[in-house]
1. State, in angstrom, two size descriptors of the chain derived from its alpha carbons: Rg to one decimal place and Dmax to the nearest whole number.
2. In segment 1-45, what GluC sites (Glu not before Pro) fall in a loop by DSSP, with at most 14 other Cβ atoms inside 10 Å?
3. Rank Asn357, Asn328, Leu374 by how far each Cα sits towards the positive end of the charge dipole of segment 305-378 (+1 on Lys, Arg Cβ; -1 on Asp, Glu Cβ) and give me just the farthest.
4. With the contact rule set at Cα under 8 Å and sequence spacing of 6 or more, what percent relative contact order holds for the chain?
5. Using a 10 Å cut-off around each Cβ, can you sort Lys10, Lys68 from fewest to most neighbouring Cβ atoms?
6. Of His152, Ala188, Gly423, which is farthest on the positive side of the dipole of the chain, counting Cα position, with +1 on Lys and Arg Cβ, -1 on Asp and Glu Cβ, and the Cα centre as origin?
7. Determine the percent antiparallel among the DSSP beta bridges restricted to the chain, to the nearest 5.
8. Give Lys118/Lys329; Lys10/Lys87; Lys154/Lys224 a once-over and call out the pairs whose C-alpha atoms are over 24 Å from each other.
Amino acid sequence: MNTDKERAAKLFSRVEKIPREKREDSYACTTVIDKKLTYLDGKGSRIMVLDNGQRRSLIDASGGVSTKNLGYGNERIRQVIREVLRKQKDVFGYPHHDMQNDYALELAYVLAELTPLKVEREVVFANSGSEGIEAAIKLCYNARVRTGTQKHRKDFVACYGAFHGRTLGALSLTCSKPIQRENYPTNAFPNYHIHFPAKHRYFVYDDDGDVQYTDLTRNEYLEKLKTACRKGMIDIDSVNAVVLELIQGEGGINVPSKEAIQDLVRFFKNHGVYVVVDEIQTGLGRTGKLFAFEHFNIEPDVVVLSKSLAHGFPFSAVIYDHKMGWTNKGQQSSTFAGSPLGSAIALEVLSQTLSKNLPQRAQEVGDGELGPALRMIEEENKDVVHNVRGMGLMHGIEFWNPNTIKPATNFRNEVVLESRKRGVLFLDAGISAIRITPPLIIGSDSENKRKNELGIITDTLKESIRAVKRKMKRIN
């Protein structure tokens, strides 16, 4: 009889001999964007990948899905990880919610001080964006009971095009792509979706998965909400909170009208509804300010951060009015949340973000260089480009067929593939858009072509659109 030790030895000696394709097809869940693409390493704004078995260097125009604001291979982050391991002698240490650690307490202080809310702020940690949203949902329920008023408010409101996560509570708010909700219950609590108050036209899926073309004025967004309330489609007196992205990321890089978002927030607040802002993708400088809500002069009750907060390490934080929070032991907890390693990385991320003026750089480079270059591409390709939208280093370009007024999803997909062949990794967003969210440290030196990575991104996009137009007989 083989011992456990012998079985383990055989198992681990075999694993590296199994072909990658076999591991992908037989053992690993393969819902990745492309099974031919494997991440190997990264430095700055570039990643090294296996692309169909070939080693290649790509400029990552998605910034690791907005997790790598500081870029890949950041040496100070690596030093912090080594320091924590040396001091703690373990990656995580004892779970923060069962025993406090100094890294988490310091991070809570820094986040509370940095978040510009006009209340006494408190912070709770979680392990992902979805978990952060789940914590925010529980927080709003808890606040109703804690304050002893309006305990009947059980409902939540989010927007069409929203992406707030994939756990069942967060998924009940998500309405970005039908495939994300397919086969799952999305009624963890009563919920409604309203139109996202974009300042531009855009394509979006509704609750039934049908494509809608949205072209509303500032006043029409508010009137649609009021009409839904009057007709009983939304019971505003039962709504606990509204959850908003201030730029929809997965939904297509949709940017709100400042006035329209203020109208909606004012309406909800006047009706006693909490406002939760999802800054998971927009936060920490990407839009040109530390928090996206600072652009719109609104006052949320709850702010959720993740993605770039700990440089891609699984980590999230929820900042809120301390009057809403938990007071009893065991009401809110998570085994790994607020770990010493994640907290230390987040502290370093915040330090570098501020000391290097990365929000200001995102504004200058994004609005001064990326945005104008994309709008020039739009002007030159009106037959396929619907519009360009974005702020700072969070931009999107949406494709359509102007004759049919329909999204050009296949065209977008071909542009993504063509760009990858030419050395730039783009990710899709929405129904027919490409998101452009590179690291905030991306090279933009127009005097030195090798260091002008932002210029390479836009040049590659332009060339790829031309190439796909030549190849495709019909825009769809």
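Only the coordinates and a few stated rules stand behind these numbers; no lab work does. This one's a predicted model, so the numbers in the text were calculated from it and none came from an experiment. FYI the Cβ positions are ideal-geometry reconstructions off the backbone, even for glycines, and counts take in every protein chain you see.
1. 22.9, 76
2. Glu16
3. So the residue furthest toward the plus end is Asn328.
4. 20 percent
5. Listing Lys10, Lys68 from fewest to most nearby Cβ atoms yields Lys10, Lys68.
6. So the residue we want is Gly423.
7. Bridges in the chain that DSSP calls antiparallel: roughly 70 percent.
8. Over 24 Å Cα-Cα: Lys118/Lys329; Lys10/Lys87.
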